[in-house]
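Asks: Pasting a structure below so you can have a look.
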Amino acid sequence: MVERLIIIGSGPAGYTAAIYGVRDGLDPLLIRGFQAGGQLTITSDVENFPGFTSILGPDLMDKMYEQIKSLKCRTIDDDVTKVDFGHYPYRIFVEEKVYEAYSIIIATGANAKWLGLANEKRLVGKGVSGCATCDGPFFRNKDVVVVGGGDSAMEDATYLSKIAKSVTIIHRKGSFRASKAMQDKALSDKKIKVIWNTEVEDVLGADRISGLKIKNSVTGKEATFPTEGLFVAIGHEPNTGPFRGQIDVDESGYVVTHAVTRTSKEGIFAAGDVQDRHYKQAVVAAGFGCMAAIDAREFLAGKKLI
Ligand code: NDP
């Protein structure tokens with residue numbers, strides 16, 4: 001059996017694409033992945049998704065899953081291991097099983113990179129965050145730290161300075177790699193300070209972050225730095241492993257799209273953080289999921305496959 005539409009990924013982009021696909025009569029197959037739900041499953045309070053004054057990230061994803069189940073969308077809870085986009089209908093491998101589809105939506109997301117510290121993940125949602133836009137408003141009038149030296153760190157620090165009492169950028173080198181304009185903006189902000197040549201070695205705190213263990217990489221001197229928040233801004237890793245070499249991805253691995261969700265292969269669309277290196281917001285991903293489903297429907301109609 002050849003599927004009309006296979007959607008890969010189960011964050012807001014994948015679920016929204018599934019809702020539109022089902023309601024358009026495409027009977028999509030949604031491959032949710034082994035760790036379903038995406039980045040929102042590892043956040044706590046979400047206050048910027050319309051319709052919810054405040055909701056826990058995992059609860060929001062459960063609601064999206066309930067919605068697609070109520071629409072009787074077919075799902076597979078396993079990871080895509082390989083694809084063959086040189087063959088049409090396109091082939092998707094889930095372990096030993098092969099699925100064929102006339103159109104595909106890739107919505108596998110991107111993971112925030114973490115520092116890999118012993119107590120970092122334990123305190124995510126308890127003062128540690130990978131998304132300033134999402135969690136910044138919880139840190140009003142607090143002292144926070146941003147780690148990183150790229151554009152993301154500059155952008156996060158500048159954004160947080162409007163909310164927090166103080167922002168300290170801790171960077172492992174003696175200079176930033178961020179663009180000059182964004183560096184200038186951050187460095188001229190009176191609320192932002194920089195600690196250069198310093199690595200964060202661990203996050204301190206029992207139930208909430210209380211500080212950081214830091215080490216100067218030049219002198220080797222260790223210290224404790226008190227803070228109420230840690231924003232890790234050291235980049236993202238798009239989940240495009242199985243697709244590389246099959247469709248165009250950029251130098252960082254994000255799927256390259258044009259007009260608006262089309263990829264380099266006809267009939268293959270991408271939605272959400274897997275192709276969005278800028279906004280990285282759940283509501284934006286949901287919007288992209290909607291657009292990809294409409295684009296897939298129009299593609300299938302043009303090919304007289306529906
Ligand atoms: P980058 O890869 O550009 O920068 C990552 C930063 O994190 C670097 O300074 C790096 O340090 C540091 N870093 C990486 N790993 C660690 C670690 N383990 N410990 C401590 N520090 C670490 O990522 P960004 O997310 O900043 O940017 C990605 C892309 O997105 C870039 O092309 C950027 O220009 C773009 N972007 C554009 C924006 C805009 O124009 N508004 C906003 C945000 C991003 P080091 O320098 O030592 O390698």
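Asks: Cα-Cα pairs above 37 Å in the chain: how many percent?
Replies: Every Cα pair in the chain considered, those over 37 Å come to 23 percent.
Asks: For segment 114-232, with equal point scatterers placed on the C-alpha atoms only and solvent neglected, what are the log10 I(q)/I(0) values from the Debye formula at q = 0.13, 0.20 1/Å, to two decimals?
Replies: -0.43, -1.07
Asks: With each label point set 7 Å from Cα along the Cα-Cβ vector, what nm distance links residue 197 and residue 283?
Replies: Taking the simple label geometry, residue 197 and residue 283 are separated by 4.4 nm.
Asks: Rounded to the nearest 0.05, what FRET efficiency is calculated for residue 1 and residue 260 with R0 set to 35 Å and r the Cβ-Cβ distance?
Replies: After rounding to 0.05, the efficiency reads 0.70.
Asks: Just to be sure I understand the model, the point goes 7 Å from the Cα along the line to the Cβ. What's the resulting residue 118 to residue 142 distance in nm?
Replies: A separation of 2.3 nm, rounded to one decimal place.
Asks: Around residue 199, what is the net charge, scoring Lys/Arg as +1 and Asp/Glu as -1 over all other residues with Cβ under 11 Å from its Cβ?
Replies: Working: positive: 172, 173, 213, 215; negative: 201, 202, 222.
Spelling it out: positives minus negatives among the neighbours equals +1.
Asks: With runs of 4+ DSSP H residues as the only contributors, calculate the mean residue ellipticity of the chain at 222 nm using -39,500 (n - 2.57) per run, divided by the residue total and rounded to the nearest 500.
Replies: Rounded to the nearest 500, it is -7000 deg cm²/dmol.
Asks: Let me ask another. What FRET efficiency would be calculated for the residue pair residue 219, residue 100, taking the C-beta separation as r and a Förster radius of 51 Å, to the nearest 0.05? Kindly include the intermediate steps, with their values, before the conclusion.
Replies: On the way: r = 60 Å, r/R0 = 1.18.
Efficiency, from the Cβ-Cβ distance: 0.25.
Asks: Compute the signed sum of charges (Lys and Arg +1, Asp and Glu -1) over the other residues within less than 13 Å, Cβ to Cβ, of residue 5.
Replies: Summing Lys/Arg as +1 and Asp/Glu as -1 gives -1.
Asks: Let me ask something additional. What angle do you read, to the nearest 10 degrees and between 0 and 90, between the alpha-carbon axis of helix 282-302 and the longest principal axis of the chain?
Replies: 20
Asks: Calculate, for residue 204 and residue 111, the FRET efficiency according to 1/(1 + (r/R0)^6) with r their C-beta to C-beta distance and R0 25 Å; round to the nearest 0.05.
Replies: Taking R0 as 25 Å, the efficiency between residue 204 and residue 111 is 0.55.
Asks: In segment 104-170, which chymotrypsin sites (Phe, Trp or Tyr not before Pro) fall in coil by DSSP and have 16 or fewer other Cβ atoms within 10 Å?
Replies: In loop regions of segment 104-170 (DSSP not H, G, I, E or B), the sparsely surrounded chymotrypsin sites (Phe, Trp or Tyr not before Pro) are 114.
Throughout, read-outs are computed from the coordinates displayed, never taken from laboratory work. Owing to the predicted nature of the structure, the values given are computational and were not obtained by experimental measurement. Positions of Cβ are backbone-derived with ideal geometry, glycine not excepted, and every protein chain shown enters the neighbour counts.
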